[in-house]
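Below: the structure, in structure tokens.
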Amino acid sequence: MKLGITGLPQSGKSTVFEALTRNIIETGNKSKDHIAAVKVPDGRIDFLSDMYKPKKTIYAQVEYFLPGIGSQGNDKNKDQSIWTKIRDCDALIHVVRNFAGFGFDKPEPYKDFTELDQDLIIADLLIVEKRLERLEQDRQRNRDINKEEITLLKECLDSLEKEIPLRKNSDLSSAHILRGYAFVSAKPKLVLFNNEDDDDKVPDVELLTSKEDCMIIRGKLEQELAQMSDEEAEDFLNEFNITASAMDRVIKRSYELLGLISFFTVGEDEVRAWTIKDNTKAADAAGVIHTDFQKGFIRAEVLSYDDLIDAGTYNEARKKGTVRLEGKEYMVQNGDIINFRFNV
């Protein structure tokens, strides 16, 4: 999963990036693009690793991508191709300033959110218009054209001209035929209000909070927390009444936003978490591990994590009958421990 961090200048994007990744951006390097991988905290993997004591324990990972300063913002004259940098991201984290301070105007979260969202809409609108022009030229030259593509693009055009981002239309944002365009306004978005250190409340902006997936981060506070040892961090969390770090909370919400779940493979060599979409069939989940697993799929031996905890050991779970064989149409559940049987 790759998450792109966006926001207007001075919204605190770099601070949020540092808080989420524990990577410090050196002074003078803010004009450069930054990317960092973070392991997904999961107590289930910790437990399974303690149980199997494997040679390797591999957590799921999230990548955070921060385009360099000057690559985004509110300059309407700049080349819209800047948004190509985040087109390969699975979702966007939109940082919205909700703090005051010397040299800052009073925060206006809704205005700031709308301003950047309009940039995304314009970037997609330009692509749709250009593609429709090209397809019309092909039609006039009697070339074969995809009528379904034209229909969908015209629906996109209608939505964008009404200033409605494509993520608000699930049929368009998930259309397979449009996937290659990687429309930025179609990407799921998590709005992250960047609050003052002493402010742990979501701002009262119903026009925004009622329509978007929103949460808060106390950016500077969480940035300090990210640089602490685990022992120091625990005291810090208690002092400021923080129940979980920003990294943990944002990852959890991002999984929910994208409809992702985890299944596990276990053994003496490796305990590993795999990330898939909810409602993924067993054969497709096998393909996430290796295409041969999917091509030669025979059966999936499945045990839920909760059933393993209840039984105490895999062998006891087998005796209880909670280890079962499933076919390729089985829908993998969050927390399933799976051993795929295949033959190629």
Could you list all residues from region 136-156 that are of a type in the set (Lys, Arg) and assigned to a helix (DSSP H, G or I)? 139, 147, 154
Being in contact with a Cys (Cβ under 6 Å, 6 or more places away or on another chain) and at pLDDT 95 or above: is that true of residue 191 here? yes
Which pairs have Cβ atoms under 6 Å, sit 6 or more apart or on different chains, and link a residue in region 186-211 that is aromatic (Phe, Trp, Tyr) to one that is at pLDDT 90 or above and assigned to a strand (DSSP E or B)? 193/96; 193/98; 193/216
So in region 157-194, with the set limited to residues that are part of a loop (DSSP other than H, G, I, E, B) and among the basic types (Lys, Arg), which one is nearest to residue 113 (Cα to Cα)? 187
Before we move on, is residue 250 within 21 Å of residue 11 (Cα to Cα) and at pLDDT 85 or above? yes
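Name the single residue that is farthest from residue 89 (Cα to Cα) among those in region 33-52 being in a loop (DSSP other than H, G, I, E, B) and in contact with a strand residue (DSSP E or B) (Cβ under 9 Å, 6 or more places away or on another chain).
42
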Counting only residues that are surrounded by fewer than 17 Cβ atoms within 10 Å (Cβ to Cβ) and either within 15 Å of residue 263 (Cβ to Cβ) or of a type outside the set (Gly, Ala, Ser) (or both), how many does region 296-313 have? 7
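The values are calculated or read from the model by the stated rules, or taken from the named source; none is laboratory data. Here the structure is a predicted model, which means the values were calculated and not measured. Glycine gets a Cβ as well: all are built from the backbone with ideal geometry, and neighbour counts include every protein chain shown.
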